[in-house]
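Please read the structure below before turning to the comments.
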Amino acid sequence: MNRFHVISVFAASMYFPESAGRAAVAGLFLGVLAVVAQTDRKTMTIPDQLVLAALGVSLLSILFFPELGLTDRIIGLCSASLPLLVITLCIPGAFGGGDIKLMAACGVFLGWRHSLLALGIAIFLGAAYGARMLAAGKAQRKSRIAFGPFLCMGMAITVLWGEQVLVLLF
């Protein structure tokens, strides 16, 4: 267990105090995201085993977060992953297959609204990082970056503060 897992469990228990089960599932989800982010940052890949772990936690969340209906979860599976897939088909290499599969698996946990919000946050954070790297001369326009960490940050922010962000935006 590393510091990211400890932070994940702590954050989940603070934001889901009404139920130990909800906190445990949210903490597990955040922990998987932390491992995905670390792995993608180091290797520029998201292994299928981690995508399956995210999907497993997402399916488990159906029991602990029943207020998010199956329809929202099924749409969540597609709402952010399909646009990533279409962009990648139009611009080869724009996103990796792991990014697309991760977004689909996590869309089941998040539902469609939070899935799209997480993607929007990830794009914003990734663009800010890329602009900073370009300005510092540490990257070129065609440089590749791991997008998984930004997806994971967007999803973590959405899990913890998604409703508040949506209220602010809309």
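The values are calculated or read from the model by the stated rules, or taken from the named source; none is laboratory data. Note that the coordinates shown come from a computational prediction; the quantities given were computed from them, not determined experimentally. Glycine also receives a Cβ, built like all others from the backbone with ideal geometry; neighbour counts cover every protein chain displayed. Please note that ligands, DNA and RNA were not included when accessible areas were found on the heavy atoms of the full protein model with its side chains. Shrake-Rupley method; radii C 1.70, N 1.55, O 1.52, S 1.80 Å.
Some observations on this one:
- Axial C-alpha extent at least 30 Å, average Kyte-Doolittle at least 0.0 - helices from the chain (DSSP): 20-43, 97-135
- Computed magnitude of the charge dipole of the chain (debye, nearest 20; Cβ of K, R +1, Cβ of D, E -1): 700 debye
- Region 70-170, dipole about Cα centre (Lys/Arg Cβ +1, Asp/Glu Cβ -1), debye to the nearest 20: 420 debye
- Projected label distance in nm at residue 144 and residue 87, using a 7 Å step from Cα toward the beta-carbon: 1.6 nm
- The trypsin sites (Lys or Arg not before Pro) of region 65-170 that meet both conditions, a loop assignment by DSSP and at most 15 other Cβ atoms within 10 Å of the site Cβ, are 138, 141, 142, 144.
- Length-normalised contact order of the chain in % [C-alpha pairs under 8 Å, at least 6 apart]: 24 percent
- For region 49-118, the solvent-accessible area works out to 48 Å² per residue, with a probe of 1.4 Å and every protein chain left in place.
- Nonpolar atom fraction for the chain, defined as the carbon and sulfur part of the 1.4 Å probe accessible area, stands at 71 percent.
- Shown here: the chain, whose C-alpha atoms stretch 47, 35, 34 Å along the first, second and third principal axes, sorted largest to smallest.
- Considering only the Cα atoms of region 43-136, their convex hull presents on average a projected area of 6.7 nm².
- Extension gain for residue 24-residue 163 works out to 48.1 nm (0.36 nm per residue, less the C-alpha to C-alpha distance).
- Rg over Rh, two decimals, region 16-89 (C-alpha only, Kirkwood Rh): 1.02
- Dipole axis of region 30-170 (+1 Lys, Arg; -1 Asp, Glu on Cβ), positive-most option in 135, 168, 34: 135
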